[in-house]
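Report on the following structure.
The numbers here are math on the coordinates, done by the rules we state, and not lab data. Here the structure is a predicted model, which is why all the values come from computation and not from measurement. A quick note on method: Cβ atoms are made from the backbone with ideal geometry, for glycine too, and the neighbour counts reach across all protein chains shown.
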Amino acid sequence: MSLRNIKITIFAVLVLSLAGDPVASPVNADPTPDLDQTAQQAREEGMRLYGIRWRSVAIPHLEKAAEAGDVESMYYLGEIHRFMDRGMSREAIDWYHRAALGGDPYAMLRLNWGMICELADLCPEDHDTWVDMALEQELPRAEKGDPEAMLALYSIYVALDDAEEGRDWLRQSAKAGHPQAQDLWASRIQERSDEWPPPLEDVKAAEPWFRKAAEQGYAPAMNNLAGNLWRQDDVEGSWKWVVHGSEHGHVENRTTYGGCHLAPEDLTYCPKDNDPIKGWAILRAVYEETRHQNAKWYLEEFPDLLIDEEIAEAEALAEDWLNRDPPLSYFPPKYGF
């Protein structure tokens, strides 16, 4: 693959929305106050590993937090087993069930989506379906103004085949200031024509919502806003949000940032004041921390851009880019696939 093609591929990621993903994962979520220090540390490490897609390695950490009562860790263990087992395995069902009983609406939706009530005779008490239970729990909260519940209702009503009602709750959550809802609402606006690439008028209409979420520090929105502005030929603005996304731990933005410093060629979205040593260091750190394949490609494709002394300097500098806070993440969606 040529340098031009891989950079275009990287930036294509920036313009992709969270298609099909009603809510993104709070991979760097606030600590759970009820957990003791050991369980909290296990939860944080498990979520860090989950965020870079090291799912199997995350399991023992999340299990410690789940056994201490952390409902979200239970949910993500269900997600990991569903992904690794290629379906609703016994392990996935058990963890989803525990999370659902703990009140996680997305776990309820997973059980409903998998027809677990019918197939495994694992039905909720006092409700016909798991989605009915989720609706009864979240609707009163949303009606009282809870943006998180409003966002959950988007997925709940989609599961009830009432997408219009779901979109209305998504819009309300976005208007209430929920950054994940703002990012998703922007994506729905940008995709509303079902054309690819999306029409410029839809791209422009989505921009303010991406920006609202990005300005709240929500990294997936920074990534999406960078792609949105790039489609509007705002190269300077796009690069600004690539940098911000990198600073907030977005793996794709960090890789793009490093790649542009290492080998910018003549592509317009890369800065003119590139620093190849810095770029090598960043990419080395990204690969060491996440095994990102595009970072690996750069390092293997362009070793001749630096002399041995410069590579040695870059390798030393890479230590400064490892394990930064917030941790690198792909920010996988909490619910959707």
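So what is the calculated 222 nm ellipticity per residue for the chain, using -39500 (n - 2.57) for each DSSP H run with n of 4 or more, over all residues, to the nearest 500 deg cm²/dmol? Please report the intermediate quantities before stating the final value.
Values: 18 runs with 225 residues, N = 337.
Here the helix-only value at 222 nm equals -21000 deg cm²/dmol.
Among Ser56, Tyr269, Tyr218, flag the residue with its Cα farthest along the positive direction of the charge dipole of the chain, charges on Cβ as +1 for Lys/Arg and -1 for Asp/Glu.
Farthest along the dipole direction, towards plus: Tyr269.
Only Cα pairs under 8 Å and at least 6 apart count here; give the relative contact order of the chain as a rounded whole percent.
Numbers: 523 pairs, mean separation 60.5, N = 337.
Worked out over the chain, it gives 18 percent.
In terms of modelled amide H atoms, which long-range or inter-chain residues lie less than 5 Å from the amide H of Tyr335?
It is Val23, by chain and number.
Quick one: what are the phi-derived ³J(HN,Hα) couplings along the stretch 269-283, Karplus 6.51/-1.76/1.60 with θ = phi - 60°, whole Hz, x for glycine and proline?
Using θ = phi - 60°, the values come out as 7, 8, x, 6, 8, 6, 10, x, 5, 4, x, 4, 4, 4, 5 Hz.
For labels at Asp128 and Arg167 in the simple 7 Å Cα→Cβ model, what's the distance in nm?
2.6 nm
Hey, which of these cross-link pairs are over 23 Å Cα-Cα: Lys204/Lys278; Lys204/Lys334; Lys240/Lys272; Lys296/Lys334; Lys144/Lys175; Lys204/Lys272? Can you show the working numbers first?
On the way: Lys204/Lys278 34 Å; Lys204/Lys334 27 Å; Lys240/Lys272 14 Å; Lys296/Lys334 27 Å; Lys144/Lys175 15 Å; Lys204/Lys272 27 Å.
Violating the 23 Å limit, Cα to Cα: Lys204/Lys278; Lys204/Lys334; Lys296/Lys334; Lys204/Lys272.
Once phi is turned into ³J(HN,Hα) by the Karplus curve 6.51 cos²θ - 1.76 cosθ + 1.60 with θ = phi - 60°, what whole-Hz value does each residue of the stretch 293-300 show in order, with x for glycine and proline?
6, 5, 4, 4, 4, 4, 5, 7
Tell me, what ³J(HN,Hα) does each residue in the stretch 216-225 have, in order and in whole Hz, if you take phi through Karplus 6.51 cos²θ - 1.76 cosθ + 1.60 with θ = phi - 60° and put x for Gly and Pro?
8, x, 7, 4, x, 6, 4, 4, 5, 5
Cβ neighbours within 10 Å, averaged per peptide: list 39-50, 76-87, 275-286 in order, most packed at the top.
Highest to lowest by the protection proxy: 275-286, 39-50, 76-87.
Using mean projected area of the Cα convex hull in nm² as the read-out, say which of [x] 22.8; [y] 19.5; [z] 17.9 was calculated from these coordinates.
[z]
Please work out the Cα center distance from the stretch 132-179 to the stretch 213-258, rounded to the nearest Å.
After rounding, the separation between the Cα centres reads 28 Å.
If contacts are Cα pairs under 8 angstrom and at least 6 residues apart, what is the relative contact order of the stretch 40-117 in percent? Show your work: numbers first, answer last.
Working: 93 pairs, mean separation 16.4, N = 78.
Relative contact order for the stretch 40-117 comes out at 21 percent.
Given the peptides 167-177, 244-254, arrange them by the average over their residues of other C-beta atoms within 10 Å, most packed first. Don't skip to the end; give the middle numbers.
On the way: 167-177: 19.4, 244-254: 24.1.
The most tightly packed comes first, giving 244-254, 167-177.
Which cross-chain or sequence-distant (5 or more) residues have an amide H under 5 Å from the amide H of Ser89, H modelled 1.01 Å from N in plane?
It is none; the list stays empty.
If amide hydrogens are placed 1.01 Å from N in the peptide plane, which non-local residues have theirs closer than 5 Å to the one on Gln232?
none
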